[in-house]
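Only one structure is covered here, and it is reproduced in the block below.
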Amino acid sequence: MSLASQENMEKMQLRQNYRNLWHTDLISTMQADFPYCCLALWCAPCVSYMLRKRALYNDMSRYVCCAGYLPCSGRCGESRCPEFCLGAEVFLCFGNSVASTRFLLQDEFNIQTTQCDNCIIAFMFFLQQIACIFSIIAMIVGSNEIQEAAQILSCFADMVYCSVCACMQTQHKIEMDKRDGKFGPGPMMAAPPFQQMSRIEQPIPPSVGYAPQQAYGQPYGYPPPSQGYGYPPAYSSAPYPPAGYPPAGYSK
């Protein structure tokens with residue numbers, strides 16, 4: 001196993017131990033921001049472009065193809081024309097662009113994915129694999145009935161894929177709204193009771209009380225703003241960047 005593959009495996013294992021949750025789960029995204037969910041459904045690549053740029057605090061000098069999570073990252077001439085490379089990514093590798101933005105936010109804010117969200121994502125992949133198997137069988141056997149069943153299953157798998165991606169992108173947008181303080185300042189920080197220090201069995205992450213975590217490098221994002229935006233002091237394990245970040249021109 002190559003060094004890059006080993007690092008990616010370590011990142012995936014580390015995400016399972018993250019203690020924070022998404023502000024909105026996949027099931028609740030339509031209720032939380034229905035207009036944006038519709039926008040993400042009908043203009044998916046454009047939304048993916050905007051979300052990745054926003055995840056980088058509008059600083060495209062830090063853009064890396066697929067956020068550095070794939071072997072092609074850093075080898076596509078991103079430094080010369082990051083806007084063009086991001087446009088090519090969201091149109092040619094849309095699924096990877098959504099997943100990369102998701103990983104970027106998870107690693108920046110130590111966000112885990114709930115079991116319910118994992119089941120929804122797994123069901124989406126399962127349908128795509130079954131549809132592919134049916135299509136191969138129909139091509140080999142040559143049966144019209146199997147071919148029709150394969151087409152119906154493929155159509156259903158595509159519908160589920162587009163719907164889940166739209167909800168996922170809405171989930172990312174809501175999380176960045178929280179990061180940028182669009183929900184208003186969080187409650188005043190106070191020491192929690194002893195029994196609230198543990199996050200493991202709590203359905204909703206507490207606003208305070210996280211223990212300091214070991215720094216984990218994510219070179220493509222920025223740490224969150226001040227804790228007044230609703231994040232706990234140790235929400236991010238990434239080191240702080242030099243003074244002046246997020247960029248001065250960045251707007252919420």
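A short reminder: the numbers here are calculations on the coordinates, not readings from a lab. Quantities reported herein were computed from a predicted structural model and do not represent experimental measurements. Cβ atoms come from the backbone with ideal geometry, glycine included; neighbour counts cover every protein chain shown.
Considering only Cα atoms, the convex hull volume of segment 14-88 works out to 126 Å³ per residue.
Computed over every Cα-Cα pair of segment 3-179 and binned at 10 Å starting from 0, the pair-distance distribution P(r) comes out as 9, 32, 34, 18, 6, 0 percent.
Computed over segment 3-179, relative contact order equals 36 percent, with contacts defined as Cα pairs under 8 Å that lie 6+ residues apart.
Every Cα-Cα pair of segment 88-156 was included, and the share exceeding 18 Å stands at 57 percent. Summarising the label geometry, the points placed 7 Å from Cα in the beta-carbon direction at PHE94 and SER61 lie 3.3 nm from one another. The length gained by stretching the chain between GLU145 and SER73 to full extension, at 0.36 nm per residue less their Cα-Cα distance, is 21.6 nm.
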